[in-house]
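The values are calculated or read from the model by the stated rules, or taken from the named source; none is laboratory data. This is a predicted model, so every value here is computed, not measured. So basically every Cβ, Gly included, is an ideal-geometry build from the backbone, and we count neighbours across all protein chains shown. The accessibility values were calculated without ligands, DNA or RNA, using every heavy atom of the protein model including side chains. Shrake-Rupley method; radii C 1.70, N 1.55, O 1.52, S 1.80 Å.
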Amino acid sequence: MRVLLVDDSRAMRSIVARILRKIGIFDIDEAADGQEALDRVKAGPVPDLALVDWNMPVMNGLDFVISVRKEGEFRSMTIMMVTTENEHGQIVRALAAGAHEYLIKPFDEEALIDKLAILGFVGNLDEASSEQVHS
Amino acid sequence: MTVANDQFTFLQELVYKRSAMVLSDSKAYLAESRLMPLARAIGISDTGEFVAHVRRSHDVKLEEQVVEAMTINETLWFRDKRPFDALRSHVLPDLISRKASARQLSIWSAASSSGQELYSVAILLEESFPQMRDWRVSLLGTDLSREMVDKATSGVYSSMEMNRGLPAAMLIRYFSQSGSSYRLTDTIRSKVRFQQMNLASTPWPSLPVFDVILLRNVLIYFDVGTKQRILQEARRRLSPGGYLLLGTAETTSGLSGEFETVSAEGAVFYRVKER
């Protein structure tokens with residue numbers, strides 16, 4: 001599977017990429033803001049999953065979700081917001097705009113893997129089998 | 001300084017004496033983080049020194065707090081997913097058809113910790129079984145720890161806790177903002193009840209019978225004799241045709257001959273064998 005990490009913090013992108021590699025996801029692309037992410041998606045190949053920060057320069061994460069959802073052809077792409085924005089109302093807005101899941105920063109490794117399991121990208125949440133990865 | 005070997009042995013013995021749980025050596029790493037808040041509360045900044053203090057003082061209240069701190073489990077929403085899939089697709093439909101005339105259902109989360117397991121069941125019922133809204137549904141959670149019972153009852157969770165296994169769509173529907181935390185809606189909170197109970201202290205106090213008993217990741221902490229006594233007590237509280245769920249690493253085999261297994265959605269439930 002192919003993942004696009006959208007975050008203006010290089011450190012955050014590298015932490016998330018490290019966790020993804022640990023569970024067997026190696027096809028990882030990165031973008032530092034919403035506009036760059038939008039360009040990447042349009043240029044293709046379309047990622048299976050985008051992990052998107054909210055507060056970024058140029059184009060924020062919510063505007064990225066709104067823009068990318070306008071383009072019907074990218075509907076297959078799953079989007080999860082990964083952000084410090086933790087208000088109930090913000091989560092409602094993100095999901096209404098077309099994000100599928102929401103992970104609040106700070107988070108630990110298990111929390112990210114739990115969310116990927118909810119989205120069906122990794123196997124059952126059993127402690128023993130959390131390393132299983134669907135291709 | 002961390003907890004020394006002989007101090008951890010003392011903790012193991014203390015935990016065993018008070019709760020009958022066996023703390024494996026691999027849990028030694030927990031001592032530091034779990035005991036530090038207790039140590040600080042009485043002005044000690046070193047966990048090693050704190051354990052030495054507990055040992056010397058023979059303070060029963062303090063010993064209880066130590067046992068609680070060492071035995072709490074990390075809990076997740078919809079933990080392990082498969083048992084919840086099995087509840088949705090097999091266990092609950094079966095119980096609903098068999099109890100259609102009585103229109104009553106009771107579920108017990110026997111080591112409810114901070115409440116996520118029982119609330120997940122309440123959310124599952126609300127999401128997937130709207131036809132049960134006029135049933136008498138009793139959802140009980142019990143835990144060894146008073147602190148956990150209070151936390152579960154409050155229904156308030158931090159964002160770190162919300163991150164663990166709860167789909168965002170359910171967060172939106174069943175929680176509201178409470179400062180920087182989230183609080184379960186009254187609709188869900190009003191359906192559940194939590195109380196303190198020590199599973200290892202048998203015979204158990206008077207309890208109703210349950211259609212589903214969730215006894216997950218509890219037996220692993222006990223010795224064989226205690227496991228057997230707990231299963232015997234649980235068996236007496238299961239309604240005819242009721243389901244018992246254990247943790248993935250747990251089984252009744254070698255402990256009780258009275259159960260048979262039922263598999264669904266990759267999860268294994270236990271039912272009392274018919275004679």
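Quick notes on this structure:
- In chain B, the calculated helix contribution to ellipticity at 222 nm averages -12000 deg cm²/dmol per residue, counting -39,500 (n - 2.57) for every DSSP H run with n ≥ 4.
- Near B:Y243, the amide H atoms lying under 5 Å from its own belong to B:V212, B:I213; only residues 5 or more places off or on other chains count, and H is placed 1.01 Å from N.
- Over 23 Å apart at the Cα level, from the set B:K17/B:K227; A:K115/B:K191; B:K61/B:K151; B:K61/B:K227; A:K70/A:K105; A:K22/B:K151, are A:K115/B:K191; B:K61/B:K227; A:K70/A:K105; A:K22/B:K151.
- Note on exposure: B:Y16, B:Y174, B:Y182 ranked by accessible area (1.4 Å probe, complete protein assembly) read B:Y16, B:Y174, B:Y182, with the most exposed listed first.
- With the Kirkwood sum run over all distinct C-alpha pairs, the protein assembly as shown has a hydrodynamic radius of 23.3 Å.
- The order of the peptides A:97-106, B:56-65, B:136-145, B:189-198 by mean Cβ neighbours within 10 Å, most packed first, is B:136-145, A:97-106, B:189-198, B:56-65.
- In chain A the Cα-Cα distances spread across 5 Å bins starting at 0 as 2, 11, 22, 25, 21, 13, 5, 1, 0 percent of all pairs.
- Bridge orientation summary for chain B: considering DSSP beta bridges with both residues in this region, about 45 percent are antiparallel.
- When the alpha carbon coordinates of chain B are projected onto the principal axes, the ranges are 60, 50, 32 Å, largest first.
- Rel. contact order, % - alpha carbon contacts under 8 angstrom, at least six apart, chain B: 18
- Diffusion of the range B:54-116 by Stokes-Einstein, at 20 °C in a medium of 1.002 mPa s and with Rh set to the Kirkwood radius over alpha-carbon pairs, works out to 141 µm²/s.
- Tail weight of P(r) past 17 Å, computed on alpha-carbon pairs of the range B:5-71, percent: 30
- Measuring r between the beta carbons of B:T185 and B:K273 and using R0 = 35 Å, the FRET efficiency lands at 0.30.
- For B:F175, nonlocal amide neighbours, meaning residues 5 or more places apart or on other chains whose placed amide H falls under 5 Å from its own, are B:T185.
- Among B:S239, A:S14, the order of accessible area from largest down is A:S14, B:S239, computed with a 1.4 Å probe on protein heavy atoms.
- Computed magnitude of the charge dipole of chain B (debye, nearest 20; Cβ of K, R +1, Cβ of D, E -1): 840
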